[in-house]
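Written below as structure tokens is the structure these notes are about.
Each value in this text was obtained by applying a stated rule to the coordinates, not by laboratory testing. Remember, it's a predicted structure, so these values are computed and weren't measured experimentally. Methodologically, a virtual Cβ is constructed for each residue, glycine included, from the backbone with ideal geometry; neighbour enumeration extends over all protein chains shown.
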Ligand SMILES: CC(C)(COP(=O)(O)OP(=O)(O)OC[C@H]1O[C@@H](n2cnc3c(N)ncnc32)[C@H](O)[C@@H]1OP(=O)(O)O)[C@@H](O)C(=O)NCCC(=O)NCCS
């Protein structure tokens, strides 16, 4: 069974390794490159962990997925969404999105937003299934202006947001 837990400061190297795997395996999905992230220092990763709540999925001891949530004005953003190829189709993606949405609601956010590269059909299917709705026009991906990405938002429930 795959379990999800929030990463803490002691998981910095694990986060770095998960990101390396994610960006190596799915470079088209992210607005970064392995080269960009490989130059980040330990303190850069510590800073990321302070601004972003990261959740990872573990199949036993083996990490097989990642998602992060961070404040963006009055909303939260869902970032770094990735499930390892061997864990796709298991429902882990839903556990990870659920963890980020719960954290956002508990922190008082009313919406969770994300950016998805246009043409990433598999990710789009998941977000639509969750009820994320496109907002605004697609924008060019800074890393590769030949690609575009779409903003999407999901309201998080009032009852959950009262948990703060
Ligand atoms: C996007 C991602 C997190 C989704 O997790 P997953 O475990 O693969 O998701 P699922 O297996 O539940 O599949 C999601 C949907 O895509 C469909 N799907 C599966 N394979 C597909 C394919 N090759 N092409 C199109 N759709 C596909 C599934 O049927 C499912 O649709 P449904 O909910 O209507 O049945 C995962 O594929 C991933 O990490 N991809 C690479 C990184 C990435 O794209 N991250 C998102 C950045 S915004």
Query raised in the report: Does the range 56-120 come out rounded, prolate or oblate by the C-alpha gyration tensor, with a ≥ b ≥ c the root eigenvalues, rounded set by a/c under 1.5 and, if not, prolate when a/b is larger than b/c and oblate if not?
Result: oblate
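Rounded to the nearest 5, what % of the DSSP beta bridges within the chain are antiparallel ones?
Values: 32 of 34 bridges.
The answer is about 95 percent antiparallel.
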**Report entry** Average silhouette area of the range 2-161, convex hull of alpha-carbon atoms, in square nanometres
**Finding:** 9.2 nm²
Requested in this report: Residues in the range 81-124, backbone N under 14 Å from the label point at residue 143 (7 Å along the Cα-to-beta-carbon vector): list them, ranges by number please.
Outcome: 81-83, 115-118, 120
